[in-house]
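K.L.:
The structure is given below, and queries will be raised subsequently.
The values are calculated or read from the model by the stated rules, or taken from the named source; none is laboratory data. Please read all numbers here as calculations on a predicted model, not as lab measurements. Backbone-built Cβ (ideal geometry, glycine too); neighbour counts: all protein chains shown. Surface accessibility is based on the protein's heavy atoms, side chains included, excluding ligands, DNA and RNA. Shrake-Rupley method; radii C 1.70, N 1.55, O 1.52, S 1.80 Å.
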Amino acid sequence: MFKVHAIASHRLPELLRIMPKAELHIHIEGSLEPELIFALAQRNGVALPYADVAALRSAYAFSNLQSFLDLYYAGASVLLHEQDFYDMAWAYFLKAKADHVVRAELFFDPQTHTARGVPMAAVIEGLSRACHDAQAQLGISADLILCFLRHLSEEDALATLEAALHWRDRFIGVGLDSSEVGHPPEKFSRVFARARGLGLHVVAHAGEEGPPAYIWSALKDLQVERIDHGVQAIHDADLMKHLAASQVPLTVCPLSNLKLCVFKSLAEHTLGQMLDAGLCVTLNSDDPAYFGGYLNDNFLQTFAALHLNAQQAYKLAANSIEASFASEEQKHHFMHQLKQCFQSFSEQD
Ligand code: ADE
Ligand code: ZN
């Protein structure tokens, strides 16, 4: 067990900023900043129902997941060409680099685009070219996870997966997102079985707004390797015990939970209780352009609100690396970097 030295609380923010970390829950369409939405709208001749960037940004006041998704899908309507998808992902990677992200696993929603007539090739080739350049130019290891929209049918998800298989080597897994309540994981059992059969990694959003039963279903019916969000697990003692024993990772997104009114304030967020219960928790940004912060903003604001410490910072960063789908060799390298970071930081005391 790596020994984390106590660090003076005024130095903790700097440690949070510079520690190497993995981001495992970022919807790349949710990184589309209003400025880029307007630039792409102009480039592509798409009309927007907002006068300017400020007007669009002022519409970012959400009451629940659905109220956000309506705007999120509208924002994505400016994406038409391969270069648009590249530019969106590249803008994210520059932010990730500033936040000392060493590994990023990007969700993307092909159905949001193919339903508008955008070719699957434009989506996957633009995003995967950006992932390639992130490694080559920024030293960030990056991969794609294809998400199915759960408000659509399983048949649509199956057809989407088959269409994407032409680019089988460009994505490492599948996920499940969009409107949760009323669309339980078991609705997608067949398409997840197909994905597992193809050797793809499998993850799913569960327990963001939906009940603990959805987390059980994601685990049992979809056999997921990670749960995205999972914060509703706190209401089911047996599930908390199961998650602690199995160490299935949870990708928690505090600023998202705050902006979508899952918690009234960050001080009421249950991240600390989840850590105390021994769950394998990671911190992530979800849709940073809409929720007021990228990964380091999530770390800084959550640690301040919940009075978390350096030991917990190390645990969250280590969890993110270990829970990632990077190769064992890469994980080993990132863990070494993480330990070195904490070691040299404590020596400067
Ligand atoms: N798609 C983008 N962000 C999402 C979220 N937080 N939950 C479900 N689907 C999403
Ligand atoms: Zn999400």
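K.L.:
Take the Cα of residue 97, step 7 Å along the line toward its Cβ, and report every residue of the range 315-337 whose backbone nitrogen sits under 20 Å from that point.
P.N.:
Answer for the range 315-337: 334.
K.L.:
Something else now. Over the chain, how many percent of alpha carbon pairs lie in each 20 Å bin up to the one with the longest distance?
P.N.:
32, 61, 8
K.L.:
Turning to a different aspect of this structure: Springs between alpha-carbon atoms under 10 Å, Gaussian network over the chain: tell me which of 47, 323, 204 tops the mean-square fluctuations.
P.N.:
47
K.L.:
Same structure again: Angle between the Cα long axis of helix 65-75 and the longest principal axis of the chain, 0 to 90 degrees, nearest 10?
P.N.:
The helix 65-75 is inclined about 60 degrees to the chain.
K.L.:
Using 17 Å as the cut-off for backbone N distance, which residues of the range 85-129 belong to the label zone defined by a point 7 Å from the Cα of residue 155 along Cα→Cβ?
P.N.:
Output list for this probe position: 115.
K.L.:
When all C-alpha to C-alpha distances in the range 129-252 are sorted into bins of 5 Å, what percent of pairs does each bin hold, rounded to whole numbers?
P.N.:
Binned Cα distances yield the sequence 2, 11, 21, 21, 17, 14, 9, 5, 1, 0.
K.L.:
Can you tell me the length gained on complete extension of the stretch residue 52 to residue 268, counting 0.36 nm per residue apart and subtracting the Cα distance?
P.N.:
Details: separation 216, 0.36 × 216 = 77.76 nm, distance 3.46 nm.
Computed gain between residue 52 and residue 268 is 74.3 nm.
K.L.:
Just give me a number: lysine pairs in the chain, eight or more positions apart or cross-chain, with C-alpha atoms less than 20 Å apart.
P.N.:
Count of close lysine pairs: 17.
K.L.:
Still on this model: For every other residue with a beta carbon closer than 12 angstrom to the beta carbon of residue 86, add +1 if it is Lys or Arg and -1 if Asp or Glu, then tell me the sum. Each step should come with its number before you reach the end.
P.N.:
Values: positive: 129; negative: 82, 84, 87, 125, 133.
Net local charge, residue 86 excluded: -4.
K.L.:
With the chain treated as a Gaussian network of Cα nodes joined by springs under 10 Å, which of 86, 73, 50 yields the largest mean-square fluctuation?
P.N.:
Among 86, 73, 50, the largest mean-square fluctuation in the Gaussian network model of the chain belongs to 50.
K.L.:
What is the distance, in nm, between label points placed 7 Å from the Cα along the Cα-to-Cβ direction at residue 35 and at residue 116?
P.N.:
Inter-label distance under the simple model: 2.1 nm.
K.L.:
Measuring from centroid to centroid over Cα atoms, what is the spacing of the range 281-311 and the range 253-273 in Å?
P.N.:
10 Å
K.L.:
Give the accessible surface of the chain per residue, rounded to a whole number of Å², with probe radius 1.4 Å and ligands, DNA and RNA excluded.
P.N.:
For the chain, the solvent-accessible area averages 38 Å² per residue.
K.L.:
Next question, about the same structure. What's the angle, to the nearest 10 degrees (0 to 90), between helix 328-347's Cα axis and the longest principal axis of the chain?
P.N.:
50 degrees
K.L.:
In Å and whole numbers, how far do the C-alpha atoms of the range 1-153 stretch along each principal axis, longest first?
P.N.:
53, 33, 33
K.L.:
Quick one: compute the contact order of the range 273-349, relative version, from alpha carbon pairs under 8 angstrom and 6+ residues apart, as a percent.
P.N.:
Taking the mean separation of contacting Cα pairs over the length of the range 273-349, I get 26 percent.
K.L.:
Let me ask something else about it. Once neighbouring chains are kept in place and the probe is 1.4 Å, which whole percent of the accessible area of the chain is contributed by carbon and sulfur?
P.N.:
54 percent
K.L.:
Out of the trypsin sites (Lys or Arg not before Pro) in the range 205-303, which ones are loop residues according to DSSP with at most 12 other C-beta atoms within 10 Å?
P.N.:
Values: sites: 220, 226, 241, 259, 264; in loops: 264.
The qualifying sites are 264.
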